[in-house]
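Report on the following structure.
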Amino acid sequence: MAVKVIIPTPLRAYAGKQESVEVQATTVAEALSAVTTKFAELKKHLFADDGRLRSFVNVYVNDEDIRYLQKDQTSVKAGDTISIVPSIAGGALGLAF
Amino acid sequence: MATKRPADDSSGLSKEEILRYSRHLIMPEVGMEGQLKLKQARVLLIGTGGLGAPLGLYLAAAGVGQIGLVDFDVVDFTNLQRQVLFGSSDVGRPKITAAADRLRNLNPAIQIDPIETRLSSENALELFRDYDIIVDGTDNFPTRYLVNDACVLLGKPNVYGSIFRFEGQITIFGYPDGPCYRCLYPEPPPPGLVPSCAEGGVLGVLPGIVGTIQAAETLKLIIGKGQPLIGRLLLFDALAMKFRELKLRKNPDCPVCGTHRTVTKLIDYAEFCGIRGEEAPSTVTNIPEITPMELKSRLDRGDDLYILDVREPHEYQICNLDGHLIPLGELPRRVHELDSSREIVAHCRSGKRSADAVQFLQKAGFRKIWNLKGGILAWSDEVDPTVPKY
């Protein structure tokens, strides 16, 4: 299934400066794995050393937070949009990663 | 410090106020009832920077009766690109004073409380108590978590906005049935992942848009009209010019607002965010350095030094030392462009990225390599003042 993964501004530098990436996946885990395979540098920004999604990065399927669905096993279907939404703190100079 | 209500009668509007707010009064969604609610409202703005500027201007113009301003900074030339509360003549003045002057001039009928202090775990609860709504316009993670926790502990709404380059996030936290900041992000990013100058910067109009949305939400909360941005995270991308909305849920396991709370008083937020001192300590040590004066005298002697500039191309266009440009991020794959038999001096804007570059090159086997201490900023200060600083 082709799903769109939206890359947030702070992470675009690690994803070929692209706003979004289209990948084939049936779950969120597969989609994120496909994206980090394509852009290896993204991996350490999305996942901690133990392989878990970092706690300042949230992932949404369409407008729902996967923490309240089936986490990374949440299924996706063709046409779904996955958003990666990291914590940003800026008011002046942005602080992200 | 916030204390007294404006001296005039807050139960009605004067003739001047009726004229001033007439475009609100003729609109049924606000009307006399809403305008009086605005007059009786007390709003505390944390930060008078990029977000605080439109917030202060629109809340004051709308007639919010009491506006507290918390900041400890001084107006700087680089603020003027986006902090539209200030003018060139305000550079060097405390932001609080300049902001209070501007807002009193905009609307003399309201009370402005300038509070020149750094918000802390010691003063936050006391400061927040005197206000109905807290608006977060700060620029760092420790203060964001502090504002959140204090709002949850006191049961006050927190109108949240944050920005990064050309992207913004806006929502309202702190409502009893709604989520808080920690429900959304339980923990901050580790300080090691702070962006360098290469990734910083902000489109000047972005805080204007995000702060104005915060102002709109604040006014709606006060007059009690419309659908407030509670339980919804609004994302804005100025480049794509797109708004998106995501659902936010209250986390039952949230340590601050969940069913089994473990955070019941304010904590040390610098420690929580992993920051020990005022500035995050440099992770780089034992980097060979050369001062701008030493570099100048060696170049004047005609020594064969290779200047490596590890900034971004758009920074090179602002000013440069005629060095060879390889952005830090491209160094690993372009290292073959460098000759390890020559003496190399690496520089960036302030010396941090070039320290990383020197460390990388040392590991790659380069021995005759130095970091220009203080970067091109120090070069401008100590050697050539015609080089612009940015």
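Do we find that B:Glu315 is more than 14 Å from B:Leu361 (Cβ to Cβ) and either in contact with a helix residue (DSSP H, G or I) (Cβ under 6 Å, 6 or more places away or on another chain) or crowded, with 19+ Cβ neighbours inside 10 Å (or both) in this structure?
When the stated conditions are applied, B:Glu315 passes them.
I'd like the full set of residues that are aromatic (Phe, Trp, Tyr) and farther than 29 Å from B:Arg42 by Cα, limited to the stretch B:220-266.
Within the stretch B:220-266, just B:Phe243 meets the criteria.
Just the residues that are more than 15 Å from B:Leu372 (Cβ to Cβ) and either assigned to a loop (DSSP other than H, G, I, E, B) or of a type in the set (Asp, Glu) (or both), please, taken from the stretch B:297-325.
B:Asp300, B:Arg301, B:Gly302, B:Asp304, B:Glu312, B:Gln317, B:Ile318, listed by residue number.
Could you tell me which of the residues B:Gln83, B:Gln111 is of a type outside the set (D, E, K, R) and within 14 Å of the chain's Cα centre (by Cα)?
B:Gln83
Would you check which residues across the stretch B:14-30 are under 22 Å from B:Gly56 (Cα atoms) and in a helix (DSSP H, G or I) and list them?
B:Glu16, B:Glu17, B:Ile18, B:Leu19, B:Arg20, B:Ser22, B:Arg23, B:His24, B:Leu25
Identify all residues within the stretch B:47-94 that are in contact (Cβ under 8 Å) with a residue 24 or more places away in the chain and among the acidic types (Asp, Glu); write none if there are none.
Within the stretch B:47-94, B:Asp71, B:Asp73 qualify.
Quick one: would you say B:Gly211 is among the small types (Gly, Ala, Ser) and either in a loop (DSSP other than H, G, I, E, B) or more than 12 Å from every other protein chain (Cβ to nearest Cβ) (or both)?
No; evaluated as a whole, the condition is false for this residue.
Which one is farthest from the other protein chains (Cβ to nearest Cβ), of the residues in the stretch B:148-171 that are within 19 Å of B:Ala41 (Cα to Cα) and in contact with a Ser or Thr (Cβ under 7 Å, 6 or more places away or on another chain)?
So the residue we want is B:Val159.
When the stretch B:39-60 is examined, which residues are found to be closer than 15 Å to B:Ile223 by Cβ and surrounded by fewer than 22 Cβ atoms within 10 Å (Cβ to Cβ)?
B:Gln40, B:Arg42, B:Tyr58
Check the stretch B:172-185 and report whether any residue there is within 10 Å of chain A (Cβ to nearest Cβ) and without any contact (Cβ under 8 Å) to a residue 12 or more places away in the chain.
Yes, that holds for at least one residue.
Name the pairs: first residue in the stretch B:227-242 and at the interface with chain A (Cβ under 10 Å from one of its Cβ atoms), second residue surrounded by 13 or more Cβ atoms within 10 Å (Cβ to Cβ) and in a loop (DSSP other than H, G, I, E, B), Cβ to Cβ under 7 Å, at least 6 apart or on different chains?
Pairs found: B:Arg232/B:Leu248; B:Leu233/B:Leu248; B:Asp237/B:Phe166; B:Ala238/B:Phe166; B:Ala238/B:Leu203; B:Leu239/B:Phe166; B:Ala240/A:Glu19.
Do you know which of the residues in the stretch B:104-153 that are over 17 Å from B:Gly52 (Cβ atoms) and of a type in the set (Phe, Trp, Tyr) is surrounded by the most Cβ atoms within 10 Å (Cβ to Cβ)?
B:Phe141
Regarding the stretch B:221-232, can at least one residue be identified that is in a strand (DSSP E or B) and either aliphatic (A, V, I, L, M) or not assigned by TED's automatic domain parsing to the domain that holds B:Ile67 (or both)?
Yes, the stretch B:221-232 has at least one match.
Search the stretch B:19-46 for residues that are assigned by TED's automatic domain parsing to the domain that holds B:Arg144 and pair each with any residue that is acidic (Asp, Glu) and in a loop (DSSP other than H, G, I, E, B) when their beta-carbon atoms are under 9 Å apart and the residues are at least 6 apart or on different chains.
B:Gln40/B:Asp132; B:Ala41/B:Asp132; B:Arg42/B:Asp130; B:Arg42/B:Asp132; B:Val43/B:Asp132; B:Leu44/B:Asp130; B:Leu44/B:Asp132
The values are calculated or read from the model by the stated rules, or taken from the named source; none is laboratory data. What you see is a predicted model, and the numbers here were worked out from it, not measured in a lab. Cβ: placed from backbone, ideal geometry, glycine included. Neighbour counts: every protein chain shown.
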